[in-house]
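Engineer: Please read through the structure below; I'll follow up with questions.
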Amino acid sequence: MKIDLHVHTNFSDGQPTYMEVIDKAKELGMDCIAITDHFDNYDTSPNIRRISDGELLEFFKKIKSYAEFKEQKVLCGIETCTDFNGNLRISDEVYNASEILITSVHYVEYSGELVKGEYFNDGYWEAFKEKIINMASGKGDVQGHPEGYLPINPLIKPGTTTYEERKAISSKIASRYFQDDFLKELADSLIKSGKAYELHGATSTPRESIIKFMASKNVTFSIGSDAHILDWIGKNQRAEEMCNKYNCKLVKV
């Protein structure tokens, strides 16, 4: 089954329109995609904070109408960040309308000192780990990019890193801080809540050893490219290979 359960459009911070995304999915022969634009009234980006419940629900209607016309299966959902304790901050109406809900740590509530360029801040990453455990224990369907797109923005010197450098920094942080005890607690939290662990296409994360471990614990997985441009949609070859290799249990769509 060819799926991509994490795609963005220009409704939030993606490049393509929802119609272009659906057309691309149809062209690629995707069995199912999920349009999961950012929706978070606490996000640091004003373009995301400004989106109202009414605008999101109207957007869902447009997606469903066009998907039906194109005969393409599309789930309507959101990607959002919770509070530190893992609590969602969305209305019941949005929650009930979302067919898939991805929770991702886009920012960390941390009051300690942060120094630009110093990426290995023990206190910050311990706070991140606590938040992601809380998030994995809470409501939602998918834990988004747990080792990719880490919240390093507060640590970066402006204009000093490329996209590839940011991925490399996140990889080093994950290797240093995301050790066995944390991963076991994360797996236990995911199993208890029923939330899926995302295999992230854009960053080819998490590490293979982590996928193997999570699969051995019978954690459910979700495959998502996190596409913000058309060419990224469906780019999940590594995730598919890992699922086949470790007989991963996938989220039902």
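The values are calculated or read from the model by the stated rules, or taken from the named source; none is laboratory data. Quick caveat: nothing in here was measured; it's all calculated off a predicted structure. As a convention, Cβ positions derive from the backbone with ideal geometry for all residues, glycine included, and neighbour counts pool all protein chains shown. Accessible surface is based on the protein model in full, side chains and every heavy atom, while ligands, DNA and RNA are left aside. Shrake-Rupley method; radii C 1.70, N 1.55, O 1.52, S 1.80 Å.
Engineer: Give just the number: which of (1) among the acidic types (Asp, Glu); (2) under 17 Å from the mean Cα position of the chain (by Cα); (3) open to solvent by 20 Å² or more (accessible area, probe 1.4 Å) does GLU198 not satisfy?
Structural biologist: Tallying (1) among the acidic types (Asp, Glu); (2) under 17 Å from the mean Cα position of the chain (by Cα); (3) open to solvent by 20 Å² or more (accessible area, probe 1.4 Å), GLU198 fails exactly one: (3).
Engineer: Within the stretch 117-132, can one find any residue that is in contact with a His (Cβ under 8 Å, 6 or more places away or on another chain), of a type in the set (A, V, I, L, M, F, W, C) and open to solvent by less than 30 Å² (accessible area, probe 1.4 Å)?
Structural biologist: No, the stretch 117-132 has no match at all.
Engineer: Another question, then. So, in the stretch 216-241, exactly how many residues are open to solvent by 20 Å² or more (accessible area, probe 1.4 Å), part of a helix (DSSP H, G or I) and either of a type in the set (Asp, Glu) or touching a strand residue (DSSP E or B) at 6+ places or on another chain (Cβ under 9 Å) (or both)?
Structural biologist: Residues in the stretch 216-241 being open to solvent by 20 Å² or more (accessible area, probe 1.4 Å), part of a helix (DSSP H, G or I) and either of a type in the set (Asp, Glu) or touching a strand residue (DSSP E or B) at 6+ places or on another chain (Cβ under 9 Å) (or both): 5 in total.
Engineer: Could you tell me which numbered condition PHE213 fails, if it satisfies all but one of (1) closer than 17 Å to ALA136 by Cα; (2) open to solvent by less than 50 Å² (accessible area, probe 1.4 Å); (3) part of a helix (DSSP H, G or I)?
Structural biologist: Failing condition for PHE213: (2).
Engineer: Mind listing whichever residues of the stretch 59-109 are within 30 Å of ILE133 (Cα to Cα), without any contact (Cβ under 8 Å) to a residue 40 or more places away in the chain and of a type in the set (Phe, Trp, Tyr)?
Structural biologist: Correct list: PHE60 only.
Engineer: Here is a follow-up. Quick one: would you say TYR95 is assigned to a loop (DSSP other than H, G, I, E, B), aromatic (Phe, Trp, Tyr) and open to solvent by 40 Å² or more (accessible area, probe 1.4 Å)?
Structural biologist: no
Engineer: Here's another thing I want to ask about it. Only one residue in GLU68, GLU79 is among the charged types (D, E, K, R), in a helix (DSSP H, G or I) and at negative phi. Which one?
Structural biologist: GLU68
Engineer: Of all residues in the stretch 136-183, which are among the small types (Gly, Ala, Ser), open to solvent by 60 Å² or more (accessible area, probe 1.4 Å) and on the phi > 0 side of the Ramachandran plot?
Structural biologist: The one that is among the small types (Gly, Ala, Ser), open to solvent by 60 Å² or more (accessible area, probe 1.4 Å) and on the phi > 0 side of the Ramachandran plot: GLY159.
Engineer: Within the stretch 45-55, is there a residue that is surrounded by 14 or more Cβ atoms within 10 Å (Cβ to Cβ), in contact (Cβ under 8 Å) with a residue 40 or more places away in the chain and closer than 16 Å to LYS131 by Cβ?
Structural biologist: Looking for residues that are surrounded by 14 or more Cβ atoms within 10 Å (Cβ to Cβ), in contact (Cβ under 8 Å) with a residue 40 or more places away in the chain and closer than 16 Å to LYS131 by Cβ, one finds none in the stretch 45-55, hence no.
Engineer: Related question: Looking at the stretch 53-64, can you tell me whether even one residue there is at negative phi and assigned to a loop (DSSP other than H, G, I, E, B)?
Structural biologist: no
Engineer: So SER111 passes all but one of these: (1) among the hydroxyl-bearing types (Ser, Thr, Tyr); (2) out of contact with any strand residue (DSSP E or B) (no Cβ under 7 Å at 6 or more places or on another chain); (3) part of a loop (DSSP other than H, G, I, E, B); (4) surrounded by 14 or more Cβ atoms within 10 Å (Cβ to Cβ). Which condition number does it fail?
Structural biologist: Of the numbered conditions (1) among the hydroxyl-bearing types (Ser, Thr, Tyr); (2) out of contact with any strand residue (DSSP E or B) (no Cβ under 7 Å at 6 or more places or on another chain); (3) part of a loop (DSSP other than H, G, I, E, B); (4) surrounded by 14 or more Cβ atoms within 10 Å (Cβ to Cβ), the odd one out for SER111 is (4).
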